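The values are calculated or read from the model by the stated rules, or taken from the named source; none is laboratory data. The structure presented is a predicted model; accordingly, all values stated were derived computationally and were not measured. Reconstructed Cβ throughout: ideal geometry from the backbone, glycine too, with neighbour counts over all protein chains shown.
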Amino acid sequence: MSIKDKPTTGIQVAVTILEKWGATVEQGTAILRVSPETYAQAKQQKPEWQVTLDEDQLARISYVLNIHAALRVLFDNPDNLYGFMAMPNYNEGFDGRSALEVIACGDIGTLRETWLRVNMERPAIMKAELTCKLGYWPAIISQYAEAYRSAVKAEATDSQGPTRDDLAAGQCIPSCWAAHPPPR
């Protein structure tokens, strides 16, 4: 895939996710800061279609993809995975509005804040999941938490290394799991 293809693929995936969340065209265009025509073209997913996007639009796509990644860690059930964003939310920052309503204002700061609020649940879920699976292996849980903190630090400093998404997807695991894999 060439560099030029990445923005096109990104917007097509983001539009697909927004559609699954139940976003209207008006909401989707506001969230991604694109024209209705660009949104419609991305939705069609024609292989020959290409688009050039600015840094702000690419950041918005990234937030949508990262919110989706966080939701995939939080929910196994597709109804919750895709329905969460449209559900009324009474947590701080949402005040009874759905996350989709909140991000549809079109402000990138609000999109970032929503990503942070959804993403903040991931470490707690991952730790609880490991505790259940590993039971008496607190050293492994501690090592996984350290790997998670390292991934957060690497992302914050734009350095190379495993990301939180890599950890969540099981693409990298603590070294002690090689000798003592978790039970299945």
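So for the stretch 50-66 (the condition being over 26 Å from ASP5 (Cα atoms), surrounded by 15 or more Cβ atoms within 10 Å (Cβ to Cβ) and either in contact with a Gly (Cβ under 8 Å, 6 or more places away or on another chain) or among the aromatic types (Phe, Trp, Tyr) (or both)), does at least one residue qualify? Show your work before the answer.
Just the residues of the stretch 50-66 that are over 26 Å from ASP5 (Cα atoms), to begin with: none.
No, that holds for no residue.
Residues in the stretch 35-49: is at least one part of a loop (DSSP other than H, G, I, E, B) and at pLDDT 95 or above? Walk me through it before giving the result.
In the first step, residues of the stretch 35-49 are kept if they are part of a loop (DSSP other than H, G, I, E, B); the result is 35, 45-49.
Narrowing further to those that are at pLDDT 95 or above: 35.
Taking every residue of the stretch 35-49 in turn, at least one turns out to be part of a loop (DSSP other than H, G, I, E, B) and at pLDDT 95 or above.
Determine which member of the set TYR136, TYR90 is of a type in the set (Phe, Trp, Tyr), loosely packed, with under 15 Cβ neighbours inside 10 Å and modelled with pLDDT of 80 or more. Explain how you work it out, then say what you get.
Numbers: TYR136 fails: modelled with pLDDT of 80 or more.
Just one listed residue meets the conditions, TYR90.
Pull up the stretch 93-107, narrow it to residues that are of a type in the set (A, V, I, L, M, F, W, C) and in contact (Cβ under 8 Å) with a residue 40 or more places away in the chain, then point me to the one that is surrounded by the most Cβ atoms within 10 Å (Cβ to Cβ). Give the steps one after another, and end with the answer.
Of the stretch 93-107, the ones of a type in the set (A, V, I, L, M, F, W, C) are 94, 99-100, 102-105.
From what is left, the residues that are in contact (Cβ under 8 Å) with a residue 40 or more places away in the chain are 100, 103-105.
Details: LEU100: 21, ILE103: 27, ALA104: 21, CYS105: 13.
Here the residue is ILE103.
Between LEU53, LEU18, which is part of a helix (DSSP H, G or I), at pLDDT 90 or above, in the same structural domain as TRP115 (by TED's automatic domain parsing) and not hydroxyl-bearing (Ser, Thr, Tyr)? Explain how you work it out, then say what you get.
On the way: LEU53 fails: part of a helix (DSSP H, G or I).
On inspection, the qualifying residue turns out to be LEU18.
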